[in-house]
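Scroll down for the structure; my scribbles are underneath it.
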Amino acid sequence: MSGRKTISETLHDGVGMVFDAEDVLYEEGTGHHQLTLIRNPVFGKVLVLDGAVQVTSRDEFIYHEMLAHVPLAAHESPADVLIIGGGDCGLAEEVLKHRRVGTLTQVEIDASVLDFSREHFADFNAPVFDDPRFRVEIADGAVFAAETDRRFDVILVDSTDPTGPGAVLFTTEFYGSLKRILRPGGIVVSQNGVPFLQPDEFSKAMKGLSSVFGTATCYLVSVPTYFGGHMTLGWSTDNPASLAVSEETLAERMSGIETRYYTPAHHRAAFALPRFIETLLENAVKP
């Protein structure tokens, strides 16, 4: 195995993942991030941002389907949707499959990330850029949320981990801004990490969300490249009824949308938490 070209993820102290690189397709600093794109024999194209795997062409559908379809199917009328982050536009692609969505605004801090993704991940994001409902704002997500006068039905925070430029997207101040721009009955879903490896980060995020929203919980998704067990997606709303939408209603709202991971039954099951995550959540949100 000597002489093989590899790239290592360095997100977690003391443990990591190593990917064989058949090719290094891109490697450059953008001013905000260090971007590396490789081709791996198992996961296809693998995007690494500041030492952490962000997306792969093989399993992106898992994360993006669950981040998009769970809140959109649960909301009665998700007319206006906001994505903060999500520079690879895989999430936008899933959101725009919903004909009930009238507008989708994506706020990305780094225009070069969008340009990069449009070039290298066109196999899953190409339809996004031709959809008239899609609008991009190049801005800091936290500043946008604090200053915009627009209001949204569903807000999706597709952020990096709480380090570097992404750290501000895990603060109570930011969560307060999200509530300000969320319409009554709206839903916020946020990337809250892998609790087995990031218990403190998970707990801090859930504590902040619960201090702002009447209902703050999470649901699960298992993405092979986000190793360490279940990833959690935070669910925040002042409308607890959105957690009780029937499987039949979910199926009606998802009619005509093809998925490879999401199902209405799995939607409901994803909120059933393993005991250790449930305990972390209970301790974080208790008064």
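Here, each number is a calculation from the coordinates, and none is a lab measurement. Note that the coordinates shown come from a computational prediction; the quantities given were computed from them, not determined experimentally. Please note: Cβ atoms are built from the backbone with ideal geometry, for glycine as well, and neighbour counts cover all protein chains shown.
Under the definition of Cα pairs under 8 Å and six or more residues apart, what whole-number percent is the relative contact order of the range 60-285? Present the calculation step by step, with values, prior to reporting the outcome.
Values: 412 pairs, mean separation 47.3, N = 226.
Reported relative contact order: 21 percent.
Using a 10 Å Cβ count of at most 15 others and DSSP loop calls, identify the longest part of the chain lacking such trypsin sites (Lys or Arg not before Pro).
No qualifying site falls inside 152-259, the longest such stretch.
Determine, from the Cβ-Cβ distance of SER222 and VAL15 and an R0 of 22 Å, the FRET efficiency 1/(1 + (r/R0)^6), rounded to the nearest 0.05. Can you show the working numbers first?
Numbers: r = 18 Å, r/R0 = 0.80.
So the FRET efficiency works out to roughly 0.80.
What is the magnitude of the charge dipole of the chain about its Cα centre, with +1 placed on the Cβ of each Lys and Arg, -1 on the Cβ of each Asp and Glu, and no other charges, expressed in debye to the nearest 20? Don't skip to the answer; put the middle values down first.
On the way: 23 positive and 40 negative charges, 148 e Å.
For the chain, the charge dipole is close to 700 debye.
Residue by residue through the range 263-275, which ³J(HN,Hα) values in whole Hz follow from phi under the Karplus form 6.51 cos²θ - 1.76 cosθ + 1.60 (θ = phi - 60°), with glycine and proline marked x?
Whole-Hz 3J(HN,Hα) from phi for the range 263-275: 9, x, 5, 5, 3, 5, 5, 5, 7, 7, 9, x, 4.
Pairs on different chains or at least eight residues apart, Cα atoms closer than 30 Å: how many lysine pairs in the chain fit? Write down the numbers at each step before the final one.
Numbers: LYS5/LYS45; LYS45/LYS97; LYS97/LYS179; LYS179/LYS204; LYS179/LYS207; LYS179/LYS286; LYS204/LYS286; LYS207/LYS286.
Summing the qualifying lysine pairs gives 8.
Contour minus end-to-end for TYR26 and ASP115, with contour as 0.36 nm per residue of separation and end-to-end as the Cα-Cα distance? Don't skip to the answer; put the middle values down first.
Numbers: separation 89, 0.36 × 89 = 32.04 nm, distance 1.29 nm.
Length difference between fully extended and current span is 30.7 nm.
Round to the nearest 0.05 the FRET efficiency obtained for ALA139 and LYS5 when R0 = 51 Å and r is the Cβ-Cβ distance.
Numbers: r = 37 Å, r/R0 = 0.72.
Between ALA139 and LYS5 the formula returns 0.90.
Can you put THR6, THR105, THR56 in order of Cβ neighbours within 10 angstrom, beginning with the fewest?
Values: THR6 11, THR105 20, THR56 23.
The order, fewest Cβ neighbours first, is THR6, THR105, THR56.
Of VAL157, ALA142, LEU182, whose Cα points farthest to the positive end of the dipole of the range 113-232 (charges on the beta-carbon: +1 Lys, Arg; -1 Asp, Glu; origin at the Cα centre)?
Value: LEU182.
What is the gain in length, in nm to one decimal, between ARG100 and ALA244 on full extension, counting 0.36 nm per residue of separation less the C-alpha to C-alpha distance? Numbers along the way, then the final one.
Values: separation 144, 0.36 × 144 = 51.84 nm, distance 1.99 nm.
Residue separation times 0.36 nm, minus the Cα-Cα distance, leaves 49.8 nm.
Rounded to the nearest 0.05, what FRET efficiency do ASP123 and ALA269 give with R0 = 41 Å and r taken as the Cβ-Cβ distance? Could you check? Present the calculation step by step, with values, prior to reporting the outcome.
Values: r = 29 Å, r/R0 = 0.72.
FRET efficiency, ASP123 to ALA269: 0.90.
Pulled fully out, how much extra length does the chain show between GLU252 and LYS286, if you take 0.36 nm times their separation in residues and subtract their Cα-Cα distance?
Values: separation 34, 0.36 × 34 = 12.24 nm, distance 3.51 nm.
Net length gain for the segment: 8.7 nm.
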